[in-house]
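The values are calculated or read from the model by the stated rules, or taken from the named source; none is laboratory data. What you are looking at is a predicted structure, and each value in this text was computed from that prediction instead of being measured. Cβ: placed from backbone, ideal geometry, glycine included. Neighbour counts: every protein chain shown. Just so you know, the surface numbers come from the protein's heavy atoms only, side chains and all, with ligands and any DNA or RNA stripped out. Shrake-Rupley method; radii C 1.70, N 1.55, O 1.52, S 1.80 Å.
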Amino acid sequence: MPAAVIAVDPDATPGVWRASDLGGGPQETTCSGCQALDALLPGGGWPKGALTEILQPQPGSEMRLLRAPLRAASRAGPVVLVGAPHRPNLPALSAQGVDVGQLVVVDADTPAERLWSAEQLLRCGGVTALLAWLPQARAEQLRRLQLAAAGHLALAFIFRPEASRAARSGQP
C-alpha cells in the first residue's frame, strides 16, 4: 500500500514554532542591563511573549541577573514569583529600583501547584513578568508554558537546576 502524503501549509498552522523562525522576524525584547549579554541574546535582550529557561547550579543569583528587566517590568505592572526558594529581599530590590509594591509572591509547595500557578498567570495576561522555580518540570510541561507565554508580551523566566541540561525544554 503506498504511503499517503499530506501537505500542510505551515502558515495555516498557528502556534507551531519552526526552526527557520530562529533569529528571524522582530520580537519585542527588554534590555538585560548588560551590553555583552544583550549582544548574545536574539533580538538584543530578554524576549517578551516567550519562555526563557535559566539553568543554574543552585538558586540564589536570579535577582541580580534579572535586575534591569524586573525594574522595567515592575514599573508597568505586577511581577510574580512562583515557588521562590527564598523570600525576596524587599529593601535590596527597592534600592535597585524595583517597585516592590508590584511584587507578588505565590507560595506553591508542590511541583504541580507551581506548574499550574505559572500556567494560569501566563494565560491571564495581567502580569508583566513571571519568575517560576520549576526544578522537576518536564519538556511537555515547559512547552505548555511556552504556548501560554506566547499569548502575551510578558517576560517569563523558568529556573531549573543545571542538572536539567540533559533534558532541556527543547528535547522530549
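Below is a table of values for the structure above.
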quantity: Residue count, the range 73-86 (criterion: open to solvent by 50 Å² or more (accessible area, probe 1.4 Å) and closer than 23 Å to residue 124 by Cβ); calculated: 2
quantity: Residue list for the range 120-143, filter: out of contact with any strand residue (DSSP E or B) (no Cβ under 8 Å at 6 or more places or on another chain) and crowded, with 18+ Cβ neighbours inside 10 Å; calculated: 141
quantity: Flag for residue 113 being more than 25 Å from residue 45 (Cβ to Cβ) and open to solvent by 30 Å² or more (accessible area, probe 1.4 Å); calculated: yes
quantity: Considering residues of the range 132-172 that are at pLDDT below 85 and assigned to a loop (DSSP other than H, G, I, E, B) only, the residue farthest from residue 67 (Cα to Cα); calculated: 172
quantity: Residue in the range 144-159 that is nearest to residue 48 (Cα to Cα), counting only those that are open to solvent by less than 10 Å² (accessible area, probe 1.4 Å) and of a type outside the set (A, V, I, L, M); calculated: 157
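The rows are residues; the columns are (1) among the basic types (Lys, Arg); (2) at pLDDT below 90; (3) in a helix (DSSP H, G or I).
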site	(1), (2), (3)
36	no, no, yes
55	no, yes, no
64	yes, yes, yes
71	yes, no, yes
75	yes, no, yes
117	no, no, yes
126	no, yes, no
130	no, no, no
